[in-house]
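The values are calculated or read from the model by the stated rules, or taken from the named source; none is laboratory data. Here the structure is a predicted model, which means the values were calculated and not measured. Here the Cβ is made from the backbone with ideal geometry for all residues, glycine too, and neighbour counts use every protein chain on show.
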Amino acid sequence: MQELSQQAFREEADELLRELEDSLLELEEQPENMDVIGKVFRAMHTLKGSGAMFGFTEIATFTHEVETVFDLVRNNELAVTKHLVDLSLQARDYITLLLNLENDQKNPEQATGEALIEQFKKMYTPNATATVIKSTNTPPPSTNIGQLKTYRIQFKPHLDILHNGTNIASVLNELSSLGTCHTVAHRANLLPLDQVEPENCYVCWDSILTTSADDDAIRDVFIFVEDNCDLSITQLDTNNPDKDQHRLGNILIERGEVTQQDIDDVLAKSKKIGELLVDANLINPDQVESALAEQQEVRKLKEKKHTKSNSSNSLRVPAERLDELVNLVGEMVTVQSRLSQTAKQYRIPELQGIAEEVERLTEELRDNTLNIRMVQIGTTFSKFKRLVRDISDNLNKQVELLTVGAETELDKTVIDQLNDPLIHIIRNSMDHGIEMPKQRLAAGKPERGSVTLRAEQSGDSVLIEIQDDGKGLDAKVIREKAINKGLITKDEDLSDQEIFALIFAPGFSTAQQVTGLSGRGVGMDVVKRAIEALSGSIALDSQLGKGTTVQLRIPLTLAIIESLLVEIGEGHFVLPLSNVEECIELTGQAVQEARGGHLVHVRGELIPYIPLRQTFSIAGNLPEIQQVVITNINGQRLGFVVDSVIGEHQTVIKSLGPVYRDEPISVSGATILGDGNVALILDIPQLMQQQQYPAIA
């Protein structure tokens, strides 16, 4: 049970630490922003209190020192400096280390933690007067009654909340530390002693809290137990004289203890206020009826608002369960395909109707299931703010990270695999691309460089651009390096785009010297392989003196794709539909006219093609008329000759296993057709590369 509670704490704390890093980076840009300072303090306070609650005493002890410093900051007694942000980011990394330690594992960085604690202590000890602000203009914060707010907190733990080791007393104590708090325990659900299960919680609590903190700070108290309780936080409007919140009946109704009907039933035993007023000839019955109608309408609006405020809009689900759900949906898509094929084969009207209905439901289930795994790519973009900051300090450069389209959604599995390639590209942009501040000023550029991450959806893919405003790529330098390495000959006539593509060759580097970041010829070839492993593509464009842009095209999901099913001999193959432009016929006469050149005329343009029957050594007689599937990757058009095109197909991707992982077999996976046969999914970029089409490298 304790392990489950600690795992829940780790998951919540990990998210809290990511938010803390973002807040610290934002604080460096806006050192006087009290809202951001408040976020940092609350994060530290929550980690400290909850860490102690779940047995992470080392985290609680360490975080207490950081919290103390930021308490001084929010009280205008300590200035926000770059040194403070640096230490806080190191503290955040150290807390992450402590969080990931196993229960019986010795802390390998204990000396680092002790050194950090000493650094923080120096900031609030009498000897550290250099960083302390003795403010004469800003008075210390006072408990102004106008700044205080009163909240009603209804905390109803689930019956099994104690099973995971939750310490409810710590939660209530932390709530009390926010201000003046009066807590009442409800014991109505207590059972007779012989029926009580000692590990169950039968009590709930109501608290009235008067504090200067906001509702976010109050909710942070319950951040690690909110999934195991029903929680309601309501701010009481104590400043509105028109509200009768001091009335017992109104209070009981708002707290949900009784309903208005209960109050009405009790009051019905005596004359209602309206009847008394009519009897006294102070008002007429029509006025009473109008007032009652208004009262009823207001009551309805309040009930709707109350219901909405207490509803939960999200649910935390382990990623493994979502992966299993996607796998099951994939199997269902395969079974649905078999059902549709069977119905078509036997032509039974009733069966065809059922097959069409199952197909519709399966498509909806597929789309909804895949959408569950879709997350905003901004979650990945935000991680790179710290990376850019640290590399800037390392290189003595001034670089800012700009993001566009952070709300673009992508499959979580794809996003996880994008992390390393994006790190490589950003490092290269900052090391090779962005110039030193003096060089930028001499070139008429701002002293501070920029790296822009941009994302947008394009059909069933996402386009991601990494653009810098650095010095750009010099095609002449790249060409000379390539000649020296034997990648090309002196006589080869290549366009700038083809020369830029040489950067993706293994071991190629334009760095003049080896640094801690790059220069060893390892990086862009790894990036290219990683992107192609995602069934994506990579392109590069650059202007000398203006900057470089790397564009990635990534499929939205790796689980189920729309594809084109083709036939060669007795075998079936699949091409991703996002790469397909059109299909045309290839006659024997057209083959003879090309004189073995593997070229086909498409509306006045010559397009090369690859005969897949020859590529995969498939025996058999050729049909009189073959089909050419025209594809487009990064502007490079290429045809694939097949015997026949069957049509569109929902492809559930199955990996080929570790045996083929490092083999250049031009196949990215497989899928099971409705009749039980296996169709191979063609790796179009790999086929292009094997056939020596350099423009897509």
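Would you be able to say whether some residue in segment 57-64 is more than 20 Å from E118 (Cα to Cα), surrounded by fewer than 16 Cβ atoms within 10 Å (Cβ to Cβ) and not assigned by TED's automatic domain parsing to the domain that holds I218? Let's see the steps before the verdict.
In the first step, residues of segment 57-64 are kept if they are more than 20 Å from E118 (Cα to Cα); the result is none.
No, segment 57-64 has no match at all.
Residues in segment 681-692 that are more than 12 Å from A533 (Cα to Cα) and modelled with pLDDT of 80 or more were compared, and the one that is surrounded by the most Cβ atoms within 10 Å (Cβ to Cβ) is L682. Set side by side, the residues G449, G444 differ, and just one is out of contact with any His (no Cβ under 6 Å at 6 or more places or on another chain), at pLDDT 90 or above and on the phi > 0 side of the Ramachandran plot, which is G444.
Scanning segment 546-559 for residues that are part of a strand (DSSP E or B) and buried (at least 20 other Cβ atoms within 10 Å of the Cβ) turns up G547, T548, V550, L552, R553, I554, P555.
Residue check: is I161 surrounded by 14 or more Cβ atoms within 10 Å (Cβ to Cβ) and either modelled with pLDDT under 80 or not hydroxyl-bearing (S, T, Y) (or both)? Yes, satisfied.
Among residues belonging to segment 94-111 that are surrounded by 15 or more Cβ atoms within 10 Å (Cβ to Cβ) and in contact with a Leu (Cβ under 9 Å, 6 or more places away or on another chain), point out the one that is farthest from G55 (Cα to Cα). So, considering only residues that are surrounded by 15 or more Cβ atoms within 10 Å (Cβ to Cβ) and in contact with a Leu (Cβ under 9 Å, 6 or more places away or on another chain), the one farthest from G55 (Cα to Cα) is Y94.
Scanning segment 605-625 for residues that are in contact (Cβ under 8 Å) with a residue 40 or more places away in the chain and assigned to a loop (DSSP other than H, G, I, E, B), which turns out surrounded by the most Cβ atoms within 10 Å (Cβ to Cβ)?
Checked segment 605-625; the qualifying residue surrounded by the most Cβ atoms within 10 Å (Cβ to Cβ) is F616.
Screening A355 on (1) surrounded by 16 or more Cβ atoms within 10 Å (Cβ to Cβ); (2) within 25 Å of the chain's Cα centre (by Cα) shows it passes everything except condition (2).
Is at least one residue of segment 28-42 closer than 19 Å to A115 by Cβ and either surrounded by fewer than 16 Cβ atoms within 10 Å (Cβ to Cβ) or among the hydrophobic types (A, V, I, L, M, F, W, C) (or both)? Taking every residue of segment 28-42 in turn, none turns out to be closer than 19 Å to A115 by Cβ and either surrounded by fewer than 16 Cβ atoms within 10 Å (Cβ to Cβ) or among the hydrophobic types (A, V, I, L, M, F, W, C) (or both). Touching a residue at least 24 places away in the same chain (Cβ under 8 Å) and either out of contact with any Gly (no Cβ under 6 Å at 6 or more places or on another chain) or surrounded by 14 or more Cβ atoms within 10 Å (Cβ to Cβ) (or both), is that true of I464? Yes, satisfied. Residue selection: A355 fails the criterion of being hydrophobic (A, V, I, L, M, F, W, C) and either touching a residue at least 24 places away in the same chain (Cβ under 8 Å) or within 15 Å of V451 (Cβ to Cβ) (or both). Scanning segment 33-56 for residues that are β-branched (V, I, T) and either in contact with a Gly (Cβ under 7 Å, 6 or more places away or on another chain) or farther than 21 Å from L97 by Cα (or both) returns V36, I37.
Among the candidates V659, V678, V602, the residue that is surrounded by fewer than 19 Cβ atoms within 10 Å (Cβ to Cβ), modelled with pLDDT under 85 and of a type in the set (A, V, I, L, M) is uniquely V659. Might you let me know whether segment 483-497 holds any residue that is over 24 Å from R553 (Cβ atoms), in contact with a Gly (Cβ under 7 Å, 6 or more places away or on another chain) and in a loop (DSSP other than H, G, I, E, B)? Within segment 483-497, not a single residue is over 24 Å from R553 (Cβ atoms), in contact with a Gly (Cβ under 7 Å, 6 or more places away or on another chain) and in a loop (DSSP other than H, G, I, E, B).
Among the residues making up segment 517-545, none is in a loop (DSSP other than H, G, I, E, B), modelled with pLDDT of 85 or more and crowded, with 20+ Cβ neighbours inside 10 Å. Right, L16: in contact (Cβ under 8 Å) with a residue 60 or more places away in the chain, in a helix (DSSP H, G or I) and of a type in the set (A, V, I, L, M) or not? Spelling it out, L16 is indeed in contact (Cβ under 8 Å) with a residue 60 or more places away in the chain, in a helix (DSSP H, G or I) and of a type in the set (A, V, I, L, M).
Looking across segment 48-65, the residues that are within 16 Å of Y94 (Cβ to Cβ) and either small (G, A, S) or at pLDDT 85 or above (or both) come down to G51, E58, I59, A60, T61, F62, T63, H64, E65.
Residues in segment 433-460 that are part of a helix (DSSP H, G or I) and crowded, with 21+ Cβ neighbours inside 10 Å: G433 alone.
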